[in-house]
1. What's log10 of I(q)/I(0) for chain A at q = 0.07, 0.13 Å⁻¹, Debye sum over Cα points only, no solvent?
2. Straight distance only, please: which lysines reach the Cα of A:LYS3 with their own Cα at less than 20 Å, same-chain residues fewer than 8 apart left out?
3. So which trypsin sites (Lys or Arg not before Pro) in the range B:104-147 end up in coil per DSSP with only 11 or fewer other C-beta atoms within 10 Å?
4. Could you work out the Kirkwood radius for the protein assembly as shown, taking every pair of different alpha carbons, averaging 1/r and inverting it, reported in Å?
5. Please work out the C-alpha center-to-center distance from the range B:204-280 to the range B:1-50 and express it in whole Å.
6. Please report how many Lys pairs in the range B:3-206 have alpha carbons closer than 19 angstrom, counting only residues at least 8 apart along the chain or sitting on separate chains.
7. Fully extended, how many nm does the chain gain between B:ALA126 and B:VAL248 (0.36 nm per residue separation, minus their Cα-Cα distance)?
8. Run through all the Cα pairs of the range B:3-206 and give the fraction in each 5 Å bin from 0, expressed as whole percent.
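We did not get these values from a lab; they are worked out from the coordinates using the rules stated. Just so it is clear, the model here is predicted, and its values are computed rather than measured. Reconstructed Cβ throughout: ideal geometry from the backbone, glycine too, with neighbour counts over all protein chains shown.
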Amino acid sequence: MLKALVLKELRETAWIAAVGLLAHLGFVANCTGHAVLPFWTIRGSLEIPFLDSGFLASFCFVSVAIAVTLGLRQTAVESGRGTWLFLLHRPVSVRRILAAKLAVGLGLYLLCGLIPILSYAAWAAMPGKHPSPFYWWMTADAWMAWCVICIVYLAAFLAGIRPARWFGTRLLPLAGAGLLAVVSVLAFIFWPVLGIAVLLLLAACLLGLILFTARTRDFS
Amino acid sequence: MPDMIVTHGLTKYYDRRRAVNSLNLRVGQGLVYGLLGRNGSGKSTLIKMLLGMVHPDCGRAEVFGEESLKLRPATRARIAYLAEGHPLYAWMTVGEAVRFARAFYHHWDGSLLEQILDHFELSRRAKIRRLSNGQRAQVSLALAVAADPELLILDDPTLGLDTVVRRDFLESLIQIIQRRGRTILFSSHILGDVERVADRIGILVDGVLRVDCPTDYFKESIRKVVLEFERQPPEFPACTGLVSSRQVGCKRELIIVGYGDEHRQLAESLQPRAMDVIEMNLEDAFIEYTRGPRRALPLFMGEASDAQSVSAERIA
């Protein structure tokens, strides 16, 4: 039954990951000196990879977009189409249903972020591609963003699953997640271990809230 | 006969409105229970509370002796639920919906499912989003029945279906009931459907379960009494079983449940010129029972007065 749940989630969200990955790869191509679209300014081949190539900004932008779309697609769309009633009546615990959703959503988000970072790093590590040196520590900020944006995915999931009267209050967890993401980034910058601890704590809080909301809300 | 569904003082508020009010209900094994009520009377909320989808503010509901909010997956597997509007995943084909649903059940009657799909001429390759409301209802019914449930809970299953599809759907439901003594609780506001299928009915009025009795008993016990007077009719005194009392010209129309000697004597004490006691069919009985003081818009009265004024002008 877990397989059926996972396959269903994959069928519903794979297109978001595919579009997101294409966008990521487009920006990577741009940073490596290839213009995917005619109006894009080619950059990167003369800049220091990961440090001043503009990769981090585009990576954060696309990752946040993927995280928010995935989180809301998995929850708000079920509410909008009334399919929670069909899904939650399956003879399986709510916890398992949520676990399948979160595993697929987080898995896709992480995969979508992993591929562009590794591709860009692999290009940067190849000798003769750019005039600056490359060290793996240069990718640290990208990895940090990759981890921190998980919080945005969980917040979007929570925003979609919690009942709210209007979009303003529904999106409250997302706004909160924005602030929390800044806190974790600051913690990462000053003390990476603290950053990881803050991130794990936030993720645990959000997971707890998601489970609590799913158990206490009315699916009507 | 053990009770499959039991509720004690079940209450649910939406904002300050009481959607379901102190509801006590028992549905025994093998019974077909028709839950009637107007739109917004609390039928869907009650059903969702029975399945643990909505949390009651007060009271409790039990299905198979388990509290609804804590139904174990094994217990849920014994219950089929058709939600209002038959929500299914639109992107799936019928075959994919079958594969998805089948994955959750140990007991799955594939041959029965095939029979139902064939009977309704539903292709396994058809996309759910391309199906009509009636076809979606048929797919939902097939998926629900294939899991071999002991209890079927259907929330307005014939809503939005045309007469022919509705009849077909109900006949299939009757066959399912006859096949094995399953317990069915279904809500509807189509009286003919209920009359055809239900052994017992419950009528919800503004969240309160006003009637809970065998279908035939309800039909037999409700009467419309028309008292005709020579001038302004007097008020009918309050008494047990009086559902409504309204004045229509020189007549007073009463709707009475459990009409008997007490009511007849009260009516005679008003000394009417004539008195008619009229039996009602289920539909009329339900309408009279649930509509309260509201009546149809007085458009025709307006037209009549317009016509009168026109004829008055002509005479002048």
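1. For the requested q values the scattering log ratios are -0.25, -0.79.
2. A:LYS101
3. Values: sites: B:ARG124, B:ARG125, B:LYS127, B:ARG129, B:ARG130, B:ARG136; in loops: B:ARG124, B:ARG125.
Answer in residue order: B:ARG125.
4. 27.8
5. Each part's Cα centre sits 27 Å from the other's.
6. Numbers: B:LYS12/B:LYS43; B:LYS12/B:LYS48; B:LYS12/B:LYS70; B:LYS48/B:LYS70.
Lysine pairs meeting both conditions in the range B:3-206 amount to 4.
7. Details: separation 122, 0.36 × 122 = 43.92 nm, distance 5.51 nm.
Between B:ALA126 and B:VAL248, full extension yields an extra 38.4 nm.
8. 1, 7, 16, 20, 20, 16, 12, 6, 2, 0
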